[in-house]
Amino acid sequence: METNETAAATEDIELEEVDLAPTEEILKNIPDDSRGHLIPTLQKIQNVYRFLPAPAMELLMERLNVSRAELYGVISFYPQLLITEPGKYIIKLCYGTACFVKGASIIGDKINDCYHIRPGDTDSTKLFTLQTASCLGNCGAAPMAIIGDDTHGTIDPEKTLEILGGYKLDDAPETEEATAS
Ligand code: FES
């Protein structure tokens, strides 16, 4: 998505009341006009909200003296940085070479058949957000996926759907994870 489109999409998002106190606390400890802190700061803010709410981004732009184009250019470069609230569980499906040759894209297609999500999408019930990864560090167990905090290896399309079927919206809330690690 183009930078301007990304920014426009963000402005269009109807956000509920966002508590900006955690953002202010994070920004308080960063020197003014300090662009070198941009990515770590975005990661910290996302760790609080699970995504990057537009009002928090307004504060950040003002404090770090970063333009909207620059900010959303950076955000769009890192797929782990999210401008909309993700589903309850993030599926990180590995598309690295070892996983790809063992059918990761077929698994991705199967997930799309069932949940109608492509990489970057969240399903309509907000249960899952699908992301891809370049390598999850355990190629011997390819194909690999991480779902929420759980790691799954040697998966196949059917097994993946079976695993996904075990995740429910009314499960106990999972702990926050750093999606921009
Ligand atoms: S390529 Fe998938 S775990 Fe390494």
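The values are calculated or read from the model by the stated rules, or taken from the named source; none is laboratory data. All values reported here derive from a predicted model rather than from experimental measurement. Positions of Cβ are generated from backbone atoms using ideal geometry, with glycine treated the same way; all protein chains shown enter the neighbour counts.
Some notes on this structure:
- Checking 87, 120, 103 one by one, the residue that is within 30 Å of residue 55 (Cα to Cα), of a type outside the set (A, V, I, L, M, F, W, C) and surrounded by fewer than 19 Cβ atoms within 10 Å (Cβ to Cβ) is 120 and no other.
- Going through (1) more than 18 Å from residue 51 (Cα to Cα); (2) free of Cβ contacts under 8 Å to residues at least 12 places away in the same chain; (3) more than 16 Å from the ligand (Cβ to nearest atom) one by one, residue 69 falls short only on (2).
- Enumeration of residues in segment 69-80 that are surrounded by fewer than 17 Cβ atoms within 10 Å (Cβ to Cβ) and over 11 Å from residue 38 (Cα atoms): 69, 73, 76, 77, 78, 79, 80
- Residues within segment 130-170 that are within 11 Å of the ligand (Cβ to nearest atom), under 18 Å from the mean Cα position of the chain (by Cα) and among the hydrophobic types (A, V, I, L, M, F, W, C), tallied: 6
Per-residue answers, yes or no, for (1) buried (at least 16 other Cβ atoms within 10 Å of the Cβ); (2) assigned by TED's automatic domain parsing to the domain that holds residue 45; (3) under 18 Å from residue 51 (Cα atoms):
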residue: 93; (1), (2), (3): yes, no, no
residue: 97; (1), (2), (3): no, no, no
residue: 110; (1), (2), (3): yes, no, no
residue: 113; (1), (2), (3): no, no, no
residue: 131; (1), (2), (3): yes, no, yes
residue: 151; (1), (2), (3): no, no, no
residue: 159; (1), (2), (3): no, no, no
residue: 169; (1), (2), (3): no, no, no
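- Residue pairs whose Cβ atoms lie under 8 Å apart, sitting 6 or more positions apart in sequence or on different chains, and linking a residue in segment 127-139 that is at negative phi and of a type in the set (Gly, Ala, Ser) to a partner that is at pLDDT 95 or above and in a loop (DSSP other than H, G, I, E, B), are 133/95; 133/96; 134/95; 134/96.
- Contacts under 6 angstrom Cβ, first residue in segment 93-112 being within 11 Å of the ligand (Cβ to nearest atom), partner among the hydroxyl-bearing types (Ser, Thr, Tyr), 6 or more apart: 93/132; 95/132; 96/134; 104/95
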